[in-house]
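Student: Have a look at this one.
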């Protein structure tokens with residue numbers, strides 16, 4: 001029969017696993033929020049396509065794109081902070097590099113969207 005110390009260690013491992021998964025879900029949710037901001041920017045172009053002056057609609061769309069980029073990197077920073085705290089307990093989790101790569105990819109795509117919106 002396992003002693004209480006072994007049971008406590010096992011419960012701690014399970015709790016750490018749940019924390020890792022919650023961190024990944026939270027990161028994913030923030031990425032979705034950022035993509036929602038990109039969708040609003042694209043929607044503004046569709047709704048206000050004939051709006052004059054066109055630069056005003058493009059400027060508002062750009063604000064949403066910048067907000068999306070801020071959301072991507074804020075999510076990345078928060079995920080990294082959580083992983084850093086977990087690593088202090090010697091836990092294996094998704095490498096922080098994965099979060100950075102995804103945030104960078106989404107940033108590049110968002111900038112590309114902005115370039116396309118301004119060129120239309």
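Student: Between the helical axis of 96-119 and the dominant principal axis of the chain, each derived from Cα atoms, what acute angle in degrees is found, rounded to the nearest 10?
Tutor: 10
Student: Suppose only helical runs count, i.e. DSSP H with n ≥ 4. What mean residue ellipticity at 222 nm does that imply for the chain under -39500 (n - 2.57) per run, divided by all residues and rounded to the nearest 500 deg cm²/dmol?
Tutor: Mean residue ellipticity, 222 nm, calculated: -31000 deg cm²/dmol.
Student: A follow-up question, please. Which value in nm describes the separation of the simple spin-label points at residue 66 and residue 78, placed 7 Å from the Cα toward the beta carbon?
Tutor: With each label placed 7 Å out from Cα toward Cβ, I get 2.2 nm.
Student: Sticking with this one: If you take the C-alpha gyration tensor of segment 20-77, multiply each eigenvalue by 5 and take the square root, what semi-axes do you get, largest first, in whole Å?
Tutor: Each semi-axis is √(5λ); the values are 29, 10, 4 Å.
Student: Roughly how tilted is helix 4-47, in degrees to the nearest 10 and between 0 and 90, from the longest Cα axis of the chain?
Tutor: 0
Student: Would you mind putting 62-74, 17-29, 102-114 in packing order, based on average other-beta-carbon counts within 10 Å, highest first?
Tutor: The peptides rank, most packed first, as 62-74, 102-114, 17-29.
Student: Calculate the length of the line joining the C-alpha centroid of segment 63-86 to that of segment 1-40, in whole Å.
Tutor: Going from one Cα centre to the other spans 16 Å.
Student: Another question about this same structure. In square nanometres and to one decimal, what's the mean projected area of the convex hull around the Cα atoms of the chain?
Tutor: 8.4
Coordinate-derived values only; no laboratory data. Here the structure is a predicted model, which means the values were calculated and not measured. A quick note on method: Cβ atoms are made from the backbone with ideal geometry, for glycine too, and the neighbour counts reach across all protein chains shown.
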